[in-house]
Amino acid sequence: GKPMLRDTINVLPFEYVKLRFCGSEPAIMYTHCHVAAHQAAGLAVTFVVAPDVMQRTQTIPEELTQMCLRQGLKASGNAIGNHGLDFTGLSPIPVEAPPRKAN
């Protein structure tokens, strides 16, 4: 049979999609391609709804903060490590993750 296409967006090589939706509750939602090799290549996205509300109402466990710092990642702020709704410096397209530091 034919694969289900509901709630599916086909993205061709070297292309990207901009999605716009209205989130009703603060949330972090991870969406990904179901083909493992594609997912490993970066065909995944994280939607962050109401980051300003989450920053005021939730805390990150200290062990997760330390895990970020050990990898040379920013452990505070928004998706780019800035504060509030300042996303200056955030790439508009996916970028390769920096190499991990050896333990």
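The test for being under 20 Å from Phe87 (Cα atoms) and free of Cβ contacts under 8 Å to residues at least 24 places away in the same chain holds for Ala44.
Residue count for the stretch 19-43 satisfying the condition of being among the basic types (Lys, Arg) and more than 28 Å from Gln55 (Cβ to Cβ): 0.
Quick note: the coordinates plus some simple rules give every number you see, no bench work behind them. From a predicted model like this one, the values you see are computed outputs, not experimental measurements. Methodologically, a virtual Cβ is constructed for each residue, glycine included, from the backbone with ideal geometry; neighbour enumeration extends over all protein chains shown.
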